[in-house]
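Single-structure report; data block below.
The values are calculated or read from the model by the stated rules, or taken from the named source; none is laboratory data. Predicted, not measured: the structure shown is a model, and the values here were computed from it. When we count neighbours, we look across all protein chains shown, and the Cβ atoms used for this are built from the backbone with ideal geometry, even at glycine. For the accessible areas, the whole protein counts, side chains as well, though only heavy atoms, and no ligand, DNA or RNA atoms are used. Shrake-Rupley method; radii C 1.70, N 1.55, O 1.52, S 1.80 Å.
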Amino acid sequence: MNKSDVYKLLDEKQQIFIDTADKIWGDPELSLSEHNATKLYEELLFELGFEVEHAVAGIETAFAGKFGSGRPVIGILGEYDALAGLSQKAGELEPCEEVAGGCGGLAKGYGHGCGHHLLGAGSLAAAWAVKEYLAATGESGTVIYYGCPGEEGGAGKAFMAREGLFYALDAALTWHPGTANEIFTGTNNTSMQVEYTFNGIAAHAAGNPHMGRSALDAVELMNLGVQFLREHIPNTDCLHYAITNTGGISPNVVQSKATVLYMVRSNNVPNNKKLLQRVDNIAKGAALMTDTTFTRRFIDGTADLLPNQVLERALYANMETIPLPEYTKEERDFAAKLDATCPKEEGELPGMGAKYDPEIRKKVSELSDGGNATLNDFLCPYFHSGEQSPGSTDVGDVSWQTPTAQIMTATWPAHSPGHSWQNVSGGKTGVAHKGMLYAAKVLAATAVDLITTPELLEKAREEFKVTAAKGYDCPIEPDAVPVPVEEML
Ligand SMILES: [Zn+2]
């Protein structure tokens, strides 16, 4: 069996993985409540011949499917959580009107706006193809599919990394649905989320306000304190907040309980911890000023991403070799219509390389018709970067424990924004399925390369030794437990 046989196998059995993705699209579940998806995946992994481990790292919706024996041990990461407020019918050209109980036929108003229904199923397809390769060739090696919950909130992988899970891997591969075919490179900010709940004393706001102590005042003063903090932090650090409980809807009551959720980002975990301490101090100050008390709940945290150039190049070599998806006229037509509903930025070109490298910018401009293409049906030139982007991902935590790399494939129209109704609408199209299958082939082929070419893995690990020399500083506090996003709604 060789890599061409692996692609053939994936083509033959693609329907299993397309059906899985579609089922998860139709039953969107929020971070750390992905119980149906977990059941579906665990059953499928078992049927496909994997050894299944439930509740990995003590998280009910984290799991692993393992096959093979000995080294190397290759991990393939999958996600399957959805987003709130994005319920949508498939194949529609306008957003569904929000109605009670969810619109577009999806329960609770949730939807797969980040394409994790494709991410989980595509990664599983890759892991299965590697398993078939190992079984047919008898090569030494183990493939583990990690079902990683709560990427959108909850940082499942970081909680799994806190248990040291990914140190057992020789390398990890993953992908993300997107609007272009490219290597997902660069690093990003770390993040930490903490919920502050202030407790005061309820009172009639006119009758005896002097008896009351307002928790809402404390939240407002805390936010004000944080606004002043902004002046005195590096300008790449971020301070975001949401008031998740205002204390009620009655202005004539002194609010006795109010909650604010903070997300604090910095360039690395030690700096993020220091920044969080300053926010904690502001909470203390707000409580002192208002004569209230507060409880602090650590929600989640993610580390910065360490890119691995050796793995990136191995992935890219396969992206170049494997034929890109071919689209039908209907698929192109629908993509064009959906693309027409998307916001466009003047001069914006697809792919990360076009942002930073003038040569790549020129090439991508030609390939994408000056950024006007409605479907990016080409491969972006290879680009490696150590550039820090402002967002955060829990793939970062994996990347501190084992060499890790990711790709993006075009599963949506060219200008489809992240976390959008357009992504949900386009999530069951041929374009989405084909982008998923292409990603599965690239991941499977690269895993096979790592199994059959020990020098490649060795080089990736040498690079990792240097980039991860400081060692993993887990952003999750020791006593923190994963909190389902639904619990905070
Ligand atoms: Zn995502």
Rounded to whole Å², per residue accessible area for region 47-173 with a 1.4 Å probe reads 32 Å²
Round to a whole number: what % of the accessible area of the chain belongs to carbon and sulfur, probe 1.4 Å? 52 percent
For region 378-410 and region 436-465, distance of Cα centres in Å: 15 Å
Accessible area of Lys274, 1.4 Å probe, to the nearest 10 Å²? 120 Å²
The correct ranking of Leu93, Leu45 by accessible area at 1.4 Å, largest first, is Leu93, Leu45
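Could you please report the charge total around Arg297, scoring K, R as +1 and D, E as -1 over all other residues with beta-carbon less than 11 angstrom from its beta-carbon?
Working: positive: Arg296; negative: Glu195, Asp300, Glu477, Asp479, Glu487.
Overall, the nearby charge balance is -4.
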Rolling a 1.4 Å sphere over the protein heavy atoms, what is the accessible area per residue of region 259-362, to the nearest Å²? 51 Å²
Taking the full set of protein chains and a 1.4 angstrom probe, give the accessible area of Ser4 in square angstrom, rounded to the nearest 10. 70 Å²
Could you state the number of Å between the C-alpha centres of region 267-333 and region 14-70? 23 Å
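For the full complex of protein chains and a 1.4 angstrom probe, list Arg265, Arg213, Arg71 by accessible area with the highest value first. Mind showing how you got there, number by number?
Numbers: Arg265 40, Arg213 75, Arg71 155 Å².
Ranking Arg265, Arg213, Arg71 by accessible area, largest first, yields Arg71, Arg213, Arg265.
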Rg(Cα) of region 47-175 divided by 2.2 N^0.38 Å? 1.23
How much net charge surrounds His54 when only other residues with a Cβ under 9 Å from its Cβ are counted (Lys, Arg +1; Asp, Glu -1)? -3
Convex hull of region 190-300 built on C-alpha atoms - directionally averaged projected area, nm²: 6.5 nm²
If you place +1 on the Cβ of every Lys and Arg and -1 on the Cβ of every Asp and Glu, how big does the dipole about the Cα centre of the chain come out, in debye to the nearest 20? 820 debye
For the chain, find the longest principal axis of its Cα atoms and tell me its angle to the long axis of helix 3-12, 0 to 90°, nearest 10. 70 degrees
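If you wrap region 278-353's Cα atoms in a convex hull and average its projection over all directions, what's the area in nm²?
On the way: hull surface 46.2 nm².
That works out to 11.5 nm², a quarter of the Cα hull's surface.
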For Thr187, what residues show an amide H to amide H distance below 5 Å, using hydrogens built from the backbone and excluding near sequence neighbours? Glu387, Gln388, Ser389
Would you kindly find the accessible area of Ile18, with a 1.4 Å probe and non-protein molecules such as ligands, DNA and RNA excluded, rounding to the nearest 10 Å²? 20 Å²
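Could you list the GluC sites (Glu not before Pro) in region 1-109 that lie in coil according to DSSP, counting only those with at most 14 other Cβ atoms within 10 Å of their Cβ? If you can, show how the numbers build up before the last one.
Numbers: sites: Glu12, Glu29, Glu34, Glu42, Glu43, Glu47, Glu51, Glu53, Glu60, Glu79, Glu92, Glu97, Glu98; in loops: Glu29, Glu34, Glu60, Glu79, Glu92, Glu97, Glu98.
The qualifying sites are Glu97, Glu98.
Given the chain, what percent of its DSSP beta bridges are antiparallel, to the nearest 5? Spell out each step's value before the answer.
On the way: 44 of 64 bridges.
Close to 70 percent.
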How big is the chain along each principal axis, measuring the range of its Cα positions in Å and listing the largest first? 80, 48, 48
What value, in deg cm²/dmol to 500, does the helix sum -39500 (n - 2.57) over DSSP H runs of n ≥ 4 give at 222 nm once divided by the residues of the chain? -12000 deg cm²/dmol
